[in-house]
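Colleague: A single structure is presented below for examination.
Laboratory data are not the source of any read-out in this text; all were calculated from the coordinates shown. From a predicted model like this one, the values you see are computed outputs, not experimental measurements. Note: ideal-geometry Cβ built from the backbone for every residue, glycine included; neighbour counts use all protein chains shown.
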């Protein structure tokens, strides 16, 4: 397998593990393997049933650029639950409060934030 890239949110080294989970609609005792990549520093994580898909998804994440107002690092993309609109995502600087508009996908929010700084 290819080498895992560092966490796109904080830059720390990540860990990969797996666990076996019961398949509720299958015969008793039948399990499925779930792979997880997790950052022990900031808690960012991603799961998939296929190890090679998880590598591709994780390594495809883009690190968020610093805030153009205060220069602080953006720690994560915030999900928000809204009764009328469902779940949406936005990038927000925790230091100065600068944020993006709402997106239905966290990757769209990340790409939009970085495009504001000349990185698409």
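Colleague: Would you mind getting the Kirkwood hydrodynamic radius of the chain from its Cα pairs, rounded to one decimal in Å?
Modeller: 16.1 Å
Colleague: May I ask you to compute the full-extension gain from residue 24 to residue 115, defined as 0.36 nm times their residue separation minus their alpha-carbon distance, rounded to one decimal in nm? Walk me through the numbers before you get to the answer.
Modeller: On the way: separation 91, 0.36 × 91 = 32.76 nm, distance 4.29 nm.
The span from residue 24 to residue 115 would gain 28.5 nm if fully extended.
Colleague: May I ask for the angle, rounded to the nearest 10°, between helix 106-115 and the longest principal axis of the chain, with both axes built from Cα atoms and the value confined to 0 to 90°?
Modeller: 30 degrees
Colleague: With Rg and the Kirkwood Rh both taken from Cα atoms, where does Rg over Rh land for region 64-120?
Modeller: Result: Rg/Rh = 0.98.
Colleague: A further question on this structure: Neighbouring Cβ atoms within 10 Å as the yardstick, rank 54, 61 fewest first.
Modeller: Fewest to most other Cβ atoms nearby, the residues stand as 61, 54.
Colleague: Which value in deg cm²/dmol, rounded to the nearest 500, describes the helix-derived mean residue ellipticity at 222 nm for the chain, given -39,500 (n - 2.57) per DSSP H run of n ≥ 4 and division by the residue count?
Modeller: After summing the helix terms and dividing by the residues of the chain, the value is -4500 deg cm²/dmol.
Colleague: Could you put 101, 110, 94 in order, starting from the residue whose Cβ has the fewest other Cβ atoms within 10 Å?
Modeller: Final ranking by Cβ density, sparse to dense: 101, 94, 110.
Colleague: Most exposed first by the Cβ proxy, i.e. fewest other Cβ within 10 Å, how do 108, 92, 85, 27 rank?
Modeller: If I rank by nearby Cβ atoms, fewest first, I get 27, 85, 108, 92.
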